[in-house]
1. Could you list, in their original order, any pairs among 50/100; 13/109; 86/163 whose Cα atoms are separated by more than 24 Å?
2. Would you please give the residues with an amide H less than 5 Å from that of residue 45, counting only those at least 5 places away or on a separate chain, with H modeled from the backbone geometry?
3. Convert each backbone phi in region 6-13 into a coupling constant with the Karplus relation 6.51 cos²θ - 1.76 cosθ + 1.60 (shift: θ = phi - 60°), then list the ³J(HN,Hα) values in order as whole Hz, x for Gly and Pro.
4. Run through all the Cα pairs of region 24-147 and give the fraction in each 5 Å bin from 0, expressed as whole percent.
5. What list of ³J(HN,Hα) couplings, whole Hz, do you get for region 62-74 from phi and the Karplus terms 6.51, -1.76, 1.60, once you set θ to phi - 60° and write x for glycine and proline?
6. Would you kindly derive the ³J(HN,Hα) couplings of region 42-49 from the backbone phi angles with the Karplus curve 6.51 cos²θ - 1.76 cosθ + 1.60 (θ = phi - 60°), listing them in order in whole Hz, with x for Gly and Pro?
7. With a Förster radius of 35 Å, plug the Cβ-Cβ distance of residue 102 and residue 160 into 1/(1 + (r/R0)^6) and report the FRET value to the nearest 0.05.
8. Taking amide H positions as placed 1.01 Å from N in the peptide plane, with prolines and chain starts having none, which residues 5 or more places from residue 3, or on another chain, fall under 5 Å of its amide H?
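The values are calculated or read from the model by the stated rules, or taken from the named source; none is laboratory data. Remember, predicted model here, so these are calculated numbers, not experimental data. Cβ coordinates were reconstructed from backbone atoms using ideal geometry, including for glycine residues, and neighbour counts include every protein chain displayed. Note: accessible area is taken over every heavy atom of the protein model, side chains too, but ligands, DNA and RNA are not part of it. Shrake-Rupley method; radii C 1.70, N 1.55, O 1.52, S 1.80 Å.
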Amino acid sequence: TFHLISNIPKETKIYKKFIDKGFHIYQQTHEDYKLREFYQARELLISPSKFETFGNVAIESIAAGIPCITSKGIGASELLKEIGLKKFIVDYNNEEEVCKNIIRVIEEKDMIPNSIRKEMIKKFSWDITISKYLEILNRLNIGMKLDIDATIQYALGYQTNEKSWWKKELTLEDLGIK
């Protein structure tokens, strides 16, 4: 049985297609305090979002040791590439690619190594995340220009027009501050 964590509306065609194929669609709620156990009871997770600013499902799944097929349009895909998990990133506009990836993961029993899980858990601990936010806010507070900050530049992503990872003259809008 396949399980999807999603908020796909029940009245949509895609929801009906998944149900017809034997999928169980798990509607995530805020009361779900056993998400880790849910992930670990699965062989594979599929995060069907075509775009998300970050995409916690992929990161939570990997931290639990379960592969997650996800879109190249979510922010977490950059992190997956960085840690060697590019094979789990697909283009959801290409149904053949998605199906091949799902079948490959199932056939190869392609689980996440403990070394990668530990790295993910370290990178996303609350202590580290909060300290990074505070560091950025403190820099802004003292008027520091963030153009030279590698973390900020990486978060902005590759600048196609400049053919570089570095964007010159960052603006408050680039940082999501208005």
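1. 13/109
2. Under 5 Å from the amide H of residue 45 lie the amide H atoms of 68, 69, each far enough along the sequence or on another chain.
3. 6, 10, 5, x, 4, 7, 7, 5
4. Going from the shortest bin to the longest, the percentages are 2, 10, 18, 21, 19, 13, 7, 5, 3, 2, 0.
5. My calculation for region 62-74 gives 5, 4, 7, x, 10, x, 9, 6, 9, 8, 5, x, 9 Hz in order.
6. 10, 9, 7, 10, 10, 9, x, 5
7. After rounding, the FRET efficiency stands at 0.70.
8. 24
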